[in-house]
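Novice: One structure follows; several queries about it will come next.
The values are calculated or read from the model by the stated rules, or taken from the named source; none is laboratory data. This one's a predicted model, so the numbers in the text were calculated from it and none came from an experiment. Every residue, glycine among them, receives a Cβ derived from its backbone with ideal geometry; neighbour counts consider all protein chains shown.
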Amino acid sequence: MIDECRGKVIACFVRYLNGKILASNIIRAALLLLATAGLCVAANESSIQVACNISQDNSAGLSGDLATDIHALPDFTETAAGMLGHHQFDQLDCLADRFRSAKERFPGGVWKLHTLYQGLAEPVRYPVHATPEDWNNSIQLLRQWTRERPKSITAHIALASAYEQFAWEARGSGYADTVSDSGWKLFQARTAESKRLLDEASALPTKCPEWYLVMLQLAIDQTWDLPQVRVLFEDASKFEPGYYYYARQFARYLQPRWNGEPGDTEVFMQE
């Protein structure tokens, strides 16, 4: 909505200048752009607040303009996490439905839907390191959401994503030979639960592009065969061609550190 508003403003500027590249006109146009940018953000904030019945503070946190505010993304994820902590499940489903159907993005192309999931699946914000208690509390909240709203695709995917990330908390980021036996067991159990949740979510009436992304992450975790992952990637790209995170994740799968051979990623990028 902000981008649409900004586009209309720029079109007005073009008509205003009318081909006269005068310093006075450019200054006036720049001042008018600054003034109307704030109006675009305010209009988006009001729209979210009314449509999803959320507070003014939460609406403001979700309506930052990344083109002018470097805190727009962290404010967004922090607001989503806060809404989860206050059990605002109905409002979160409304926001996800809105971002999903309208394919809303920040300036630069970052999907608001993906950013919402980041706020829901991560128990604390970077650079703070989550404790086991943080993870357990977050997962309990997400489980409560799935119980109270069993048809919520957003709740299921957020919980699956949380389990996938919680699995890496147990494994650690080192090479396979540095992982303890207990770390492997927890990793396998948590990725299996993530996969189960996604399989369960696939039967829900609403479909979501983030489902494919989390499944692609699990393909790395569970070392799926390349033909199986290639089919998953192609299905994902057909479902939502603009969700650029798919290509990034498939390229990661093809790295020699995970499941590929030297040169696989380069070949894929040329396709």
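Novice: Quick one: would you say residue 161 is under 20 Å from residue 118 (Cα atoms) and outside any helix (DSSP H, G or I)?
Specialist: no
Novice: Any residue that is modelled with pLDDT of 95 or more, surrounded by 18 or more Cβ atoms within 10 Å (Cβ to Cβ) and within 30 Å of residue 93 (Cα to Cα) - is there at least one of those in the stretch 168-183?
Specialist: Checking the stretch 168-183: at least one residue is modelled with pLDDT of 95 or more, surrounded by 18 or more Cβ atoms within 10 Å (Cβ to Cβ) and within 30 Å of residue 93 (Cα to Cα).
Novice: Another one. Among the listed residues 213, 218, 197, which satisfies the condition of being surrounded by 15 or more Cβ atoms within 10 Å (Cβ to Cβ), at pLDDT 95 or above, in contact with a His (Cβ under 7 Å, 6 or more places away or on another chain) and closer than 22 Å to residue 250 by Cα?
Specialist: Result of the check over 213, 218, 197: 197.
Novice: Would you tally the residues in the stretch 48-79 being assigned to a loop (DSSP other than H, G, I, E, B) and either more than 19 Å from residue 102 (Cβ to Cβ) or without any contact (Cβ under 8 Å) to a residue 12 or more places away in the chain (or both)?
Specialist: 5
Novice: If residue 234 satisfies every condition in (1) in contact (Cβ under 8 Å) with a residue 12 or more places away in the chain; (2) in a helix (DSSP H, G or I); (3) over 26 Å from residue 150 (Cβ atoms) but one, which is the exception?
Specialist: (1)
Novice: Sort out which residues of the stretch 200-210 are under 16 Å from residue 163 (Cβ atoms), buried (at least 18 other Cβ atoms within 10 Å of the Cβ) and not hydrophobic (A, V, I, L, M, F, W, C), and write them in order of number.
Specialist: The one that is under 16 Å from residue 163 (Cβ atoms), buried (at least 18 other Cβ atoms within 10 Å of the Cβ) and not hydrophobic (A, V, I, L, M, F, W, C): 210.
Novice: Kindly indicate whether residue 50 is modelled with pLDDT of 60 or more and either of a type outside the set (A, V, I, L, M, F, W, C) or out of contact with any Gly (no Cβ under 8 Å at 6 or more places or on another chain) (or both).
Specialist: yes
Novice: Can you go through 190, 147 and tell me which one is part of a helix (DSSP H, G or I), among the charged types (D, E, K, R) and crowded, with 16+ Cβ neighbours inside 10 Å?
Specialist: Result: 190 is the single residue among 190, 147 that is part of a helix (DSSP H, G or I), among the charged types (D, E, K, R) and crowded, with 16+ Cβ neighbours inside 10 Å.
Novice: Specify the residue that is surrounded by the fewest Cβ atoms within 10 Å (Cβ to Cβ); the eligible residues are those in the stretch 242-266 that are over 15 Å from residue 219 (Cα atoms), touching a residue at least 12 places away in the same chain (Cβ under 8 Å) and of a type outside the set (S, T, N, Q).
Specialist: 242
Novice: Moving to a separate point now. Restricted to the stretch 122-134, and to residues that are closer than 23 Å to residue 75 by Cβ and out of contact with any Ser or Thr (no Cβ under 9 Å at 6 or more places or on another chain), which residue is modelled with the lowest pLDDT?
Specialist: Across the stretch 122-134, the extreme among qualifying residues is 126.
Novice: If you go through the stretch 116-123 one residue at a time, do you hit one that is under 14 Å from the mean Cα position of the chain (by Cα), crowded, with 18+ Cβ neighbours inside 10 Å, under 18 Å from residue 145 (Cα atoms) and of a type in the set (Ser, Thr, Tyr)?
Specialist: yes
Novice: Would the stretch 100-109 turn up any residue that is buried (at least 19 other Cβ atoms within 10 Å of the Cβ), part of a helix (DSSP H, G or I) and without any contact (Cβ under 8 Å) to a residue 60 or more places away in the chain?
Specialist: no
Novice: Just the residues that are closer than 22 Å to residue 211 by Cβ and of a type in the set (Ser, Thr, Tyr), please, taken from the stretch 103-162.
Specialist: Selection gives 115, 117, 138, 146, 152, 154, 161.
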